[in-house]
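Values in this text are rule-based calculations from the coordinates and carry no lab data. Note that the structure is predicted; figures quoted are calculated from it, not measured. Here the Cβ is made from the backbone with ideal geometry for all residues, glycine too, and neighbour counts use every protein chain on show.
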Amino acid sequence: MSSSRNEARMGVPEDTPQPQPQTQQGDSLSFAVPTELVEIPSKGKFYPEGHPLHNIETVEMRFMTAKEEDILTSQSLIKKGVVIDRLLQSLLIDKRITLDTLLVGDKNALVIAARASGYGNEYETKVPCPSCGSTVEYSFDLDEVEVKEIFSDDDLGISFTDANTFSIQLPKTGAAVEVRPMTGADERFIAQQAEKRKKNKLADNALTTQLKRMIVAVNGNADSVTINKFVDSMPAFDSRHLRGAYTKIVPDIDMQQEFTCSECGHEQIMEVPLTADFFWPR
């Protein structure tokens, strides 16, 4: 297995001091900010030993305050694309947890929890109807967002490894590909690469960049040059299978909810759209 390459990417902190309890001080007008324990989809299973979330199933967060609204409205943070990361970093009680090493699925769960604690579970936004094309006001319930179950599937050639990664058998080439859940650092890297290519007027390669980041080994070979060459020559059939399998098994939250159009009555299950109304409710 390739646990060393996986741990290097996950970024195990060398220094892990104990978290300091938060206290609210002041006069009689001071307010003790409540906290909550948020269930994380990974249940801590995919963090290497030494990481503050290793085998930890919940994360403690403060409720949002006016200070966090300053973060949400900061034009400089919005322009840099780091406003959500700064928000979560402010709310996390355990400051050893960094957004770079936080799994994307776990981060998504914390974002939903932060919004619900700050502005409530009801999320109203405008949704274009897939049937009639009308844009209608619709209310989603964030309480209905659930954590996806972690599982392996022998029928799809998916299994767990001893390194807390997934092994996926590709149908066309027959290659055994080992993948890991992506982190905040991966998200940031992919976004930065996309921005660079856009500035240089180059074609978008976000799909292959994502595959190269999440693949740990191919047929037991963890060499990055080998992985990159494999991805660049991977048959489209295998690429689609790998991306579909990854979406199915990676720890995350289920954002699918029922939508009913008030104009034409069309009903369907859709992904809850995260628009500007999510953290800036009207």
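Sorting the segments 56-69, 39-52 by their mean number of nearby beta carbons within 10 angstrom, highest to lowest, gives 39-52, 56-69. Computed from point charges on the beta carbon alone (+1 for Lys and Arg, -1 for Asp and Glu), the dipole magnitude for segment 154-249 about its Cα centre is near 620 Debye.
The Cα-based radius of gyration of segment 40-120, divided by its Kirkwood radius, gives an Rg/Rh of 0.98. Size descriptors for segment 154-249 (Cα atoms only): Rg and Dmax, in that order, 13.6, 43 Å. Three semi-axes describe the equivalent ellipsoid of the chain; taken as square roots of 5 times the Cα gyration tensor eigenvalues and ordered largest first, they are 33, 27, 19 Å. Our compactness index for segment 83-224, the C-alpha radius of gyration over the empirical 2.2 N^0.38 Å, is 1.32.
Using a Gaussian network model of the chain whose springs link C-alpha atoms within less than 10 Å, name the residue from Asp70, Asp254, Asp141 with the highest mean-square fluctuation. Evaluated over the chain, the most mobile residue of the options is Asp70.
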